[in-house]
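The next block holds one structure in the form of structure tokens; read it before the comments.
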Amino acid sequence: MSAVTLNKQQRAAVEHGEGPLLIVAGAGTGKTEVIVQRVGYLLEHVPGLEPENILALTFARKAAEEMRQRAREYFGPRALGTRFSTFHSFCYDLLREELSLRALDKTDHWIFLRRHLEQLDLDHYLKVSDPGRFLHDLVDFCSRCHDNLVSPAEYSEYVDKLSANAEELIKQGQPLGKDAEKELARLREHARVYELSESLLEQAGLLTFGAMISKAVTRLKESEMLQRQLQKRFTYILVDEYQDTNAVQWELLQLLAGKRRNLTAVGDDYQAIYRFRGAADGALDRFKDIFPGYQHIPLNENRRSTKCILTIAAEVSRSLKSYKPDKSLTTVNEQGLAVEIAEFSDADQEAEWVAAEVARITDTSTAEPPSGIAVLYRTHQHRDRLVDGLHRRGVPFAIRNLAINDLPVVRDLVSWLRAIGDSKDSVSLARVLADPRWKLSPELLMQYCRETVRQKNSLWEVIEHTPLPEEWKGREPLLEFRRRFAAIAKNDRLSAWYPLLAAELGLPRSFEDRPAFATFQAFLARWDTEKSSAGMLEEFLEYFQYFEEAGGVIALGQENEADSAGRKSNGAQPELWEESPKEGGPGKVQLMTLHGAKGLEFERVFLLHLVRGAFPVRNRQPLIFLPDELLKGKLPEGDSHIDEERRLFYVGITRAKRHLTLCTISNEKQRPSVFLEELQDTPPPHLARKRPLYAPGPPPAESPSRVPPVAADAGTRLAEWFAAPLPPQDKEFSLSISQLETYLECPLKYHFRHHWQIPVPAPPPLLFGIIVHGAIKEVMAAVAQGSEGIPEEKIREILDRRWPQTGFPDKVQERKYHELGLEQLVGAAKDFGNKGVVLLYQEKPFELRAAGCRLVGRIDQIHRLPGGVIELIEYKTGRPQTQKEADRSRQITLYAQACRKEFRLEPSALILYNLANQQAVQTNRSQQDYRELEHMIGETARRILSGSFPAQPGYHCKFCSFRALCPAQEDRHGGTPAVP
């Protein structure tokens with residue numbers, strides 16, 4: 001045994017003999033210490049036991065490595081023979097002993113399904129404008145099936161039984177409703193996709209992260225010999241974080257433990273926070289059913305926190321369901337300072353106060369080490385304002401699990417790879433041209449962009465073949481640089497020449513860029529060795545496009561972490577659990593999510609943004625769920641979502657050792673979290689409430705003890721260029737409804753598209769709309785002329801003639817759009833065929849002058865019905881518009897005004913016609929509507945002419961063609977380095 005001092009409970013757990021043992025270990029009670037000490041005790045006291053006979057399982061590679069290092073520190077090199085592993089790594093290695101398999105994490109599973117979209121033949125789960133929209137739901141569904149040991153055959157059998165029951169009801173004269181029919185169709189699609197996905201994966205020799213454990217269990221069940229071998233090899237099994245296990249892991253442990261049942265499980269149901277990732281409800285309760293006659297030992301002596309902090313934790317836990325009643329934490333630590341609830345008027349004040357408080361604490365004569373301070377938050381977006389405040393004060397900080405995708409150095413690298421590999425990618429080229437090394441002025445770039453519009457060519461081709469009168473010294477070096485690397489990329493693997501590209505670009509440019517640069521380089525290397533066939537640039541660009549579409553994240557340092565066996569990870573053990581962060585340097589404040597803080601402790605903790613709607617987060621039910629009949633674990637009781645969020649709150653509280661501040665907001669629109677309201681009866685001296693008064697002032701003066709705020713990225717001048725005032729316009733200002741809507745959605749997007757005129761291909765939904773609008777004009781003209789309607793063959797001919805040879809990057813999407821276009825045109829032709837319309841105008845252009853500018857547009861259709869009724873029609877090819885949307889449509893208002901003023905027509909009906917379902921949504925307009933639109937146009941024109949183009953981030957950013965250029969989508973505050 002080591003010299004570590006154990007209390008009575010810990011010693012009883014460590015020295016337990018044979019048979020199953022469940023250790024219920026509260027927060028801060030030393031559960032990891034107990035597991036490691038038990039390894040040493042077994043090696044010392046069990047005759048003939050070798051290190052190889054002990055298996056210790058957990059969920060995170062970092063946790064497995066920490067146990068391994070502690071065991072070596074306490075018990076010497078002999079302990080290294082013990083297998084410390086994650087569940088998934090253990091099962092993956094087991095399967096690889098007999099099969100050649102390559103692992104896929106969730107993102108790569110999404111990419112695999114995306115590449116096989118044609119074979120999947122999705123119906124209910126394919127959105128034509130966003131083909132990959134529901135693939136994450138399908139990936140999660142497949143994973144949940146594996147978690148519950150539900151095979152494709154078992155799920156299909158379940159669906160077949162439901163179908164048989166439905167058919168029986170129909171025979172009995174009880175027809176199914178439309179909702180029931182749709183639900184059965186969806187279930188059949190689940191079954192078909194699950195079976196097909198598993199088959200395709202097997203053919204490709206691939207193994208998803210969700211399937212690793214279930215496949216290992218199946219293998220063990222098929223081979224009694226393998227079972228006996230493993231049971232003989234691993235005579236003692238220890239499991240950490242048992243509260244986060246599920247049915248397939250319970251089955252695995254039963255098979256490994258065998259008749260000996262020497263299984264020690266450590267867990268705390270108060271800290272079960274991963275149900276959304278597959279953990280089952282009631283894992284500790286299930287232990288007693290799986291291993292009857294087990295021994296139970298509680299650990300409740302907390303060695304971490306003060307009595308005040310534990311009192312607050314106890315108040316939170318009152319509402320939690322508990323496996324055992326003996327869960328109250330005790331401590332010999334001091335009473336400590338009261339836990340503070342700090343209430344603010346808004347999020348800006350909250351962030352400024354926390355940043356100022358952290359700066360004050362770390363800059364006094366009795367300064368606390370910054371690494372002992374943690375700011376925890378529910379979601380990453382809650383940290384943004386705080387990061388800015390810390391940066392302005394020069395406070396060094398580290399953001400754990402930081403995504404590097406949007407850091408400038410990574411964006412620059414990806415843009416260069418795209419600029420080399422795709423001569424038509426003008427957005428990526430525009431980004432790299434803003435590097436000072438190419439000596440290009442923004443005025444000249446704007447000239448080139450506008451020339452691309454005139455020539456209808458790409459920016460690369462215009463620069464290469466159209467020298468402008470103004471001298472540009474960097475043009476030839478740029479062209480030579482790109483030609484050289486484009487030639488290399490055609491013949492050599494990306495991994496062979498990428499270091500040369502980075503070196504010639506001078507990347508990384510700064511000390512701060514190095515971690516992200518190294519992580520991206522490791523990401524490329526991993527792709528080259530494990531995910532590519534030829535390793536060429538074209539293949540990587542295709543992969544990375546899907547990676548971004550899937551929402552893939554490259555986490556800082558993730559590619560260099562050690563796996564559970566202490567080896568450098570080759571990516572075989574993909575991430576599921578959010579890793580515990582590596583220890584930061586003494587000079588860094590720690591910023592992380594509450595999930596990321598699990599297992600850590602800090603002297604001082606701030607819990608940020610405890611506001612209703614933000615924490616607890618709103619419940620998002622899975623789109624595709626596994627029915628209760630197929631769940632192998634305990635069904636959740638009550639509001640399982642709120643219970644899990646409350647446990648997460650408990651985890652955050654119990655990270656603090658000495659100081660804990662709970663931050664919230666109270667104003668007309670925001671209220672403190674319900675979790676804080678549940679603490680309102682906590683008596684003093686354990687809880688103190690305050691409303692700090694803080695008026696943000698200039699950032700503190702720099703001092704030698706601090707790191708100065710990082711300057712704007714020297715590698716790109718995009719933000720500076722796009723913020724520069726525009727030259728005066730030499731012609732009358734004009735505005736279309738499309739331009740107006742673009743500006744109102746995001747002024748910076750308007751700036752990119754209409755002032756800079758950076759060329760981008762039309763997004764597929766827009767391209768589809770252009771095609772169908774052109775075709776509907778021909779179709780309606782034919783309908784108006786004929787009395788017997790227009791045959792479908794003629795409509796198909798019209799559509800095919802207008803269908804472009806290129807433009808749709810995805811074949812499945814193109815095919816679906818073509819089918820949809822034909823369906824919409826045929827439906828509209830039938831709908832209008834019997835109305836006897838007389839066309840007055842089609843695609844009629846107009847020009848109005850209002851609010852100091854020229855308004856231009858084109859009205860789809862104006863016709864007269866029998867009886868003299870005049871209708872204005874605006875066709876919609878996308879999602880059907882509602883009555884509310886029609887009543888608020890600025891487009892309809894402008895077009896109606898144009899009819900009145902330009903064409904001297906007063907339409908009897910203003911109609912948004914939904915081609916998707918052939919429904920006409922009729923609306924009307926008043927003089928007040930016209931005045932309000934004119935006022936909005938005038939205000940918008942004023943802002944445009946004044947050069948106001950701020951970014952307006954929102955959900956639309958996900959689909960924006962200019963995302964790679966947008967400073968608002970760039971993370972420039974990834975953390976400052978620690979002071980040596």
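The values are calculated or read from the model by the stated rules, or taken from the named source; none is laboratory data. This one's a predicted model, so the numbers in the text were calculated from it and none came from an experiment. Cβ placement follows ideal geometry from the backbone for every residue including glycine, while neighbour counts extend to all protein chains displayed.
Could you look through segment 513-523, keep only residues that are crowded, with 18+ Cβ neighbours inside 10 Å and touching a helix residue (DSSP H, G or I) at 6+ places or on another chain (Cβ under 9 Å), and pick out the one that is farthest from A489 (Cα to Cα)? Break it down stepwise before answering.
Just the residues of segment 513-523 that are crowded, with 18+ Cβ neighbours inside 10 Å, to begin with: 513, 515-517, 519-523.
Applying the additional criterion that residues be touching a helix residue (DSSP H, G or I) at 6+ places or on another chain (Cβ under 9 Å) yields 513, 516-517, 519-523.
Numbers: D513: 25, A516: 24, F517: 20, T519: 22, F520: 19, Q521: 17, A522: 19, F523: 18 Å.
In this case the residue turns out to be D513.
Could you please find all residues in segment 193-207 being in contact (Cβ under 8 Å) with a residue 60 or more places away in the chain and of a type outside the set (A, V, I, L, M)?
Listed by number, the residues that qualify are S197, G205.
Condition (residue is of a type in the set (D, E, K, R), touching a helix residue (DSSP H, G or I) at 6+ places or on another chain (Cβ under 8 Å) and crowded, with 16+ Cβ neighbours inside 10 Å) applied to segment 630-640: is it met by at least one residue?
Looking through segment 630-640, at least one residue is of a type in the set (D, E, K, R), touching a helix residue (DSSP H, G or I) at 6+ places or on another chain (Cβ under 8 Å) and crowded, with 16+ Cβ neighbours inside 10 Å.
Tally time: how many residues in segment 192-211 are within 17 Å of L95 (Cβ to Cβ) and in contact with a Pro (Cβ under 7 Å, 6 or more places away or on another chain)?
Applying the first criterion (within 17 Å of L95 (Cβ to Cβ)) to segment 192-211 yields 198, 201-211.
Now restrict to residues that are in contact with a Pro (Cβ under 7 Å, 6 or more places away or on another chain): 198, 209.
Number satisfying all stated conditions: 2.
Is there any pair with a first residue in segment 114-135 that is in contact (Cβ under 8 Å) with a residue 24 or more places away in the chain and a second that is among the small types (G, A, S) and buried (at least 18 other Cβ atoms within 10 Å of the Cβ) whose Cβ atoms are under 9 Å apart and which are 6 or more apart or on different chains, and what are they?
Matching pairs, first to second residue: R114/G132; R114/A550; H116/S197; L117/G132; L120/S197; G132/A550; L135/A550.
Please go through (1) assigned to a helix (DSSP H, G or I); (2) within 34 Å of the chain's Cα centre (by Cα); (3) in contact (Cβ under 8 Å) with a residue 12 or more places away in the chain for R509 and return the number of the only condition it doesn't satisfy.
If we test R509 against (1) assigned to a helix (DSSP H, G or I); (2) within 34 Å of the chain's Cα centre (by Cα); (3) in contact (Cβ under 8 Å) with a residue 12 or more places away in the chain, just (1) comes out false.
Just to be sure before I move on: is Q883 modelled with pLDDT of 95 or more, closer than 16 Å to V783 by Cα and either loosely packed, with under 15 Cβ neighbours inside 10 Å or out of contact with any Leu (no Cβ under 6 Å at 6 or more places or on another chain) (or both) in the structure I sent?
Here the answer is no, as Q883 does not meet what is asked.
How many residues, within segment 864-874, are assigned to a strand (DSSP E or B) and either under 15 Å from A784 (Cβ atoms) or in contact with a Gly (Cβ under 7 Å, 6 or more places away or on another chain) (or both)?
Within segment 864-874, residues that are assigned to a strand (DSSP E or B) and either under 15 Å from A784 (Cβ atoms) or in contact with a Gly (Cβ under 7 Å, 6 or more places away or on another chain) (or both) number 4.
When segment 853-863 is examined, which residues are found to be over 30 Å from N834 (Cβ atoms) and in contact with a Lys or Arg (Cβ under 8 Å, 6 or more places away or on another chain)?
Within segment 853-863, L855 is the sole residue that qualifies.
Identify all residues within segment 240-264 that are closer than 22 Å to Q229 by Cα and either small (G, A, S) or in a helix (DSSP H, G or I) (or both); write none if there are none.
V248, Q249, W250, E251, L252, L253, Q254, L255, L256, A257, G258
Report the residue count in segment 447-482 for those that are touching a residue at least 12 places away in the same chain (Cβ under 8 Å) and farther than 18 Å from S423 by Cα.
Count: 6.
Just for segment 898-934: of the residues that are in a loop (DSSP other than H, G, I, E, B) and out of contact with any helix residue (DSSP H, G or I) (no Cβ under 9 Å at 6 or more places or on another chain), which one is surrounded by the fewest Cβ atoms within 10 Å (Cβ to Cβ)? Outline the logic, then answer.
Initial filter on segment 898-934 (in a loop (DSSP other than H, G, I, E, B)): 902-908, 915-918, 924-926.
Adding the requirement that they be out of contact with any helix residue (DSSP H, G or I) (no Cβ under 9 Å at 6 or more places or on another chain) leaves 902-904, 908, 926.
Details: E902: 16, F903: 16, R904: 7, S908: 15, S926: 9.
It comes out as R904.
If I filter segment 738-761 down to residues being in contact with a Ser or Thr (Cβ under 9 Å, 6 or more places away or on another chain) and of a type in the set (A, V, I, L, M, F, W, C), which single residue comes out as nearest to Q447 (Cα to Cα)?
Within segment 738-761, the match that is nearest to Q447 (Cα to Cα) is I758.
Could you please give the count of residues in segment 361-382 that are closer than 18 Å to A656 by Cβ and charged (D, E, K, R)?
Final tally of qualifying residues: 2.
Which condition does Y895 not pass, out of (1) farther than 24 Å from A829 by Cβ; (2) aromatic (F, W, Y); (3) assigned to a helix (DSSP H, G or I), if it passes all the others?
Exception for Y895: condition (1).
Quick one: T208 ticks every box in (1) surrounded by fewer than 16 Cβ atoms within 10 Å (Cβ to Cβ); (2) closer than 18 Å to E530 by Cβ except a single one, so which number is it?
Only one criterion is unmet by T208, namely (1).
Among the residues of segment 109-164, write down those that are assigned to a loop (DSSP other than H, G, I, E, B) and more than 30 Å from A916 (Cα to Cα).
N148, L149, V150, S151
Which residue, of S197, S163, is surrounded by 11 or more Cβ atoms within 10 Å (Cβ to Cβ), at pLDDT 90 or above and over 35 Å from the mean Cα position of the chain (by Cα)?
Numbers: S197 fails: over 35 Å from the mean Cα position of the chain (by Cα).
Going through S197, S163 in turn, just one is surrounded by 11 or more Cβ atoms within 10 Å (Cβ to Cβ), at pLDDT 90 or above and over 35 Å from the mean Cα position of the chain (by Cα): S163.
Could you go through segment 803-823 and let me know if any residue there is out of contact with any Cys (no Cβ under 6 Å at 6 or more places or on another chain) and within 29 Å of E902 (Cβ to Cβ). Please lay out each step first, then the result.
Taking segment 803-823 first, the residues out of contact with any Cys (no Cβ under 6 Å at 6 or more places or on another chain) are 803-823.
If we keep only those that are within 29 Å of E902 (Cβ to Cβ) as well, we get none.
Checked against the condition, which is being out of contact with any Cys (no Cβ under 6 Å at 6 or more places or on another chain) and within 29 Å of E902 (Cβ to Cβ), segment 803-823 yields no hits at all.
Is it the case, given these coordinates, that S961 is closer than 30 Å to F547 by Cα and modelled with pLDDT of 90 or more?
The answer is yes for S961.
Looking at T654, T664 in this structure, which one is over 30 Å from E66 (Cα atoms) and at pLDDT 95 or above?
Of the residues listed, the single one that is over 30 Å from E66 (Cα atoms) and at pLDDT 95 or above is T664.
Could you say which residue among R144, R102 is closer than 30 Å to F276 by Cβ and either in contact with an Asp or Glu (Cβ under 8 Å, 6 or more places away or on another chain) or surrounded by fewer than 16 Cβ atoms within 10 Å (Cβ to Cβ) (or both)? Break it down stepwise before answering.
Numbers: R144 fails: either in contact with an Asp or Glu (Cβ under 8 Å, 6 or more places away or on another chain) or surrounded by fewer than 16 Cβ atoms within 10 Å (Cβ to Cβ) (or both).
R102 is the lone residue from the list that is closer than 30 Å to F276 by Cβ and either in contact with an Asp or Glu (Cβ under 8 Å, 6 or more places away or on another chain) or surrounded by fewer than 16 Cβ atoms within 10 Å (Cβ to Cβ) (or both).
List, please: which pairs have Cβ atoms under 8 Å, are six or more places apart or on different chains, and start with a residue in segment 834-848 that is assigned to a loop (DSSP other than H, G, I, E, B) and among the charged types (D, E, K, R) and end with one that is modelled with pLDDT of 90 or more and surrounded by 12 or more Cβ atoms within 10 Å (Cβ to Cβ)?
Listed by first residue and then by second, the contacts come to K835/L865.
How many residues does segment 325-345 contain that are in contact with a Cys (Cβ under 8 Å, 6 or more places away or on another chain) and of a type in the set (S, T, N, Q)?
Residues that pass the stated criteria total 1.
Looking at (1) buried (at least 16 other Cβ atoms within 10 Å of the Cβ); (2) outside any loop (DSSP other than H, G, I, E, B); (3) not hydroxyl-bearing (S, T, Y), which is the one condition that is false for K327?
The failed condition is (2).
Among the residues of segment 65-82, how many are of a type in the set (A, V, I, L, M, F, W, C), surrounded by 17 or more Cβ atoms within 10 Å (Cβ to Cβ) and out of contact with any Gly (no Cβ under 6 Å at 6 or more places or on another chain)? Give the steps one after another, and end with the answer.
Step one: filter segment 65-82 for residues of a type in the set (A, V, I, L, M, F, W, C), giving 67, 71, 75, 79-80.
Now narrow it down to the ones that are surrounded by 17 or more Cβ atoms within 10 Å (Cβ to Cβ): 67, 71, 75, 79.
If we keep only those that are out of contact with any Gly (no Cβ under 6 Å at 6 or more places or on another chain) too, we end up with 67, 71, 79.
Going through segment 65-82 one residue at a time, the tally reaches 3.
Quick check on my filter: what residues within segment 777-809 are free of Cβ contacts under 8 Å to residues at least 12 places away in the same chain and in a helix (DSSP H, G or I)?
Q785, E793, E797, D800, R801
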